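Peer 1: A single structure is presented below for examination.
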Ligand SMILES: Cc1cc2nc3c(=O)[nH]c(=O)nc-3n(C[C@H](O)[C@H](O)[C@H](O)COP(=O)(O)OP(=O)(O)OC[C@H]3O[C@@H](n4cnc5c(N)ncnc54)[C@H](O)[C@@H]3O)c2cc1C
């Protein structure tokens, strides 16, 4: 067993770290304060090749695999979780859906543009009545000659207001529940596509989360992804990879909390000593650091399995469960270590606290991760 990263992986990690710290940190503060999309950060990520991490080199991507992508996502999220979410959804849900389930023509048509950043990709599964129970979705696709007509409203769609392409899941058989759902690739420029209300969120304020209205969107048969009525399996299988991305986000936030706390505990003095000298503070640092490492080991195991072509659903859920807990624990303790200062916007830990919260909610809540893990053992 070898726990070391290769020289190439270390170089990738270092390049992502320098880029994120130099370019994303200050922009994250502004995007959060003004609640504006992190457009410049995403454009610069494209220049770094980070929009093509899930795209094969043959289609212009950087083809980093799950482990390479995790290394990059940790660094991006450490600096700006809104950018991290955008890059994770674009790669692990939008690009990967076409790279894995698209036919040759779909891959040639979309992957180079997604990899270069000419197109930003989104993923639309959730609806008002179907969140955790995604298989009960009602957004409808009706066949009209060679085409399909999509009608319905999706909810919670990350960057749905600024994207160019969306992988949409719609019902093609009203009586078949999860066996009656099909995946479609649609372009936001098409007639009938309209982004609606933007959620006013606690965190991730640089990543717009919107309602998406599909009002008679005409989709050619050439844009059906995979087979008709086989979309639910695609959605679930993509989420296995997506969860490695969100686990990486949790690690990034938890690491940022740890580093900020170490710095502050070394600088701030009370009772004539730095905070770092107090046992209660040391205990928090030890817990935070241990949870970061536990999350990393679980996440990189899941990524390693995925890259090896092995089943990784249970492991991805374990990674997301633990990393999102590490992020929330780390954020809570980081605010505590900063005292009153941690409750203000003068320090980034206040934002980390708000950004961390969603990692236990999206791409499957904590409760759903436990359900997936338990079922994999109990076959219940
Ligand atoms: C910022 C943000 C961005 C998002 N981006 C996207 C996106 O790009 N695309 C997309 O499709 N979706 C997106 N989502 C949606 C997200 O995936 C859902 O919010 C999530 O799956 C939970 O669904 P829900 O909100 O309907 O909660 P519900 O499913 O209503 O759950 C409410 C509570 O009940 C619990 N619960 C539900 N069922 C069970 C059960 N069987 N056992 C135990 N507990 C249960 C849940 O764990 C949760 O605690 C996003 C959400 C947010 C907040």
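Read the figures in this text as sums done on the coordinates, not as results from a lab. Just so you know, these numbers come straight off a predicted model, no measurement behind them. For neighbour counting, all protein chains shown are included, and Cβ atoms are generated from backbone atoms with ideal geometry for every residue, glycine included.
Peer 1: Relative to the longest principal axis of the chain, what angle (0 to 90°, nearest 10) does the C-alpha long axis of helix 65-79 take?
Peer 2: Value to nearest ten degrees: 50.
Peer 1: I've got another one for you. Based on a Kirkwood Rh over C-alpha pairs, give the Stokes-Einstein translational diffusion coefficient of the stretch 41-170 at 4 °C and viscosity 1.567 mPa s in µm²/s. Could you put the intermediate results ahead of the total?
Peer 2: Working: Rh = 15.4 Å.
Using the Kirkwood radius from Cα pairs, D works out to 84 µm²/s.
Peer 1: Sort 262, 244 by Cβ crowding within 10 Å, fewest neighbours at the top. Before the final figure, lay out each step's value.
Peer 2: Working: 262 17, 244 31.
Arranged by neighbour count, lowest to highest, 262, 244 become 262, 244.
Peer 1: Roughly what % of Cα-Cα distances in the stretch 122-229 sit above 15 Å, to the whole percent? Display every interim value, and only then the final one.
Peer 2: Details: 3451 of 5778 pairs.
The answer is 60 percent, as a whole percent.
Peer 1: Another question about this same structure. Out of all DSSP beta bridges in the chain, what portion is antiparallel? Express it as a percent rounded to 5.
Peer 2: Details: 30 of 35 bridges.
Within the chain, antiparallel bridges account for around 85 percent of the total.
Peer 1: On to the next question. Quick check on packing: order 276-282, 359-365 by the mean number of other C-beta atoms within 10 Å, highest mean leading. Intermediate values should be presented prior to the final figure.
Peer 2: Working: 276-282: 13.6, 359-365: 22.3.
Ranking, from highest mean packing down: 359-365, 276-282.
Peer 1: Gaussian network model of the chain, Cα springs within a sub-10 Å range: biggest mean-square fluctuation belongs to which of 11, 318, 119?
Peer 2: 11
Peer 1: Over all directions, average the projected area of the Cα convex hull of the stretch 233-378 and note it in nm².
Peer 2: Details: hull surface 37.3 nm².
If you wrap the Cα atoms of the stretch 233-378 in a convex hull and average its projections, you get 9.3 nm².
Peer 1: Name the residue, out of 177, 325, 243, whose mean-square fluctuation peaks in a Gaussian network model built on the chain with Cα pairs under 10 Å.
Peer 2: In the Gaussian network model the winner is 177.
Peer 1: Computed FRET efficiency, Cβ-Cβ of residue 140 and residue 1, R0 45 Å: what is it to the nearest 0.05? Could the numbers behind the result be given before it?
Peer 2: Numbers: r = 50 Å, r/R0 = 1.11.
After rounding, the FRET efficiency stands at 0.35.
Peer 1: Something else about it: If you count, for each residue, the other Cβ atoms within 10 Å and average over each peptide, how do 84-93, 142-151 line up from highest to lowest? Working shown, then result.
Peer 2: Working: 84-93: 28.6, 142-151: 14.5.
Per-residue mean Cβ counts within 10 Å order the peptides as 84-93, 142-151.
Peer 1: Restricted to Cα positions, what overall size does the stretch 45-95 have along the principal axes? Three whole-Å values, descending.
Peer 2: Largest first, the stretch 45-95 extends 30, 20, 18 Å along its Cα principal axes.
Peer 1: While we're on this one: For the chain, what is the mean residue ellipticity at 222 nm derived from helices alone (per DSSP H run of n ≥ 4: -39500 (n - 2.57); sum divided by total residues; nearest 500 deg cm²/dmol)? Could the numbers behind the result be given before it?
Peer 2: On the way: 12 runs with 187 residues, N = 380.
For the chain, the value works out to -16000 deg cm²/dmol.
Peer 1: Go ahead and set up a Gaussian network model of the chain, Cα springs under 10 Å, then flag whichever of 275, 258, 155 fluctuates most.
Peer 2: Residue with maximal mean-square fluctuation among 275, 258, 155: 275.
Peer 1: Quick one: go through the stretch 246-272 and flag any residue whose amide nitrogen is under 12 Å from the point 7 Å out along the Cα-to-Cβ line of residue 294.
Peer 2: So the set is empty, nothing qualifies.
Peer 1: Whole number please: convex hull volume per residue, Cα atoms of the chain, in Å³. Please report the intermediate quantities before stating the final value.
Peer 2: Details: hull volume 52.3 nm³, N = 380.
That works out to 138 Å³ per residue.
Peer 1: Expected output is a single nm value to one decimal: the length gained when fully extending between residue 118 and residue 271, i.e. 0.36 nm times separation in residues minus the C-alpha distance. What is it? Walk me through the intermediate numbers first.
Peer 2: Details: separation 153, 0.36 × 153 = 55.08 nm, distance 5.61 nm.
Separation in residues times 0.36 nm, less the Cα-Cα distance, equals 49.5 nm.
Peer 1: Then there is this: Rounding to the nearest 10 and keeping the result within 0 to 90°, find how far the Cα-based axis of helix 25-34 lies from the longest principal axis of the chain.
Peer 2: The answer is roughly 70 degrees.
Peer 1: Taking the Cα atoms only, what angle lies between the long axis of helix 231-267 and the longest principal axis of the chain, rounded to 10 degrees?
Peer 2: 20
Peer 1: With a 10 Å Cβ neighbour count serving as the proxy for reagent exposure, in which order, fewest first, do 284, 320, 370, 197 appear?
Peer 2: Values: 284 22, 320 35, 370 14, 197 11.
Least crowded to most crowded, the residues run 197, 370, 284, 320.
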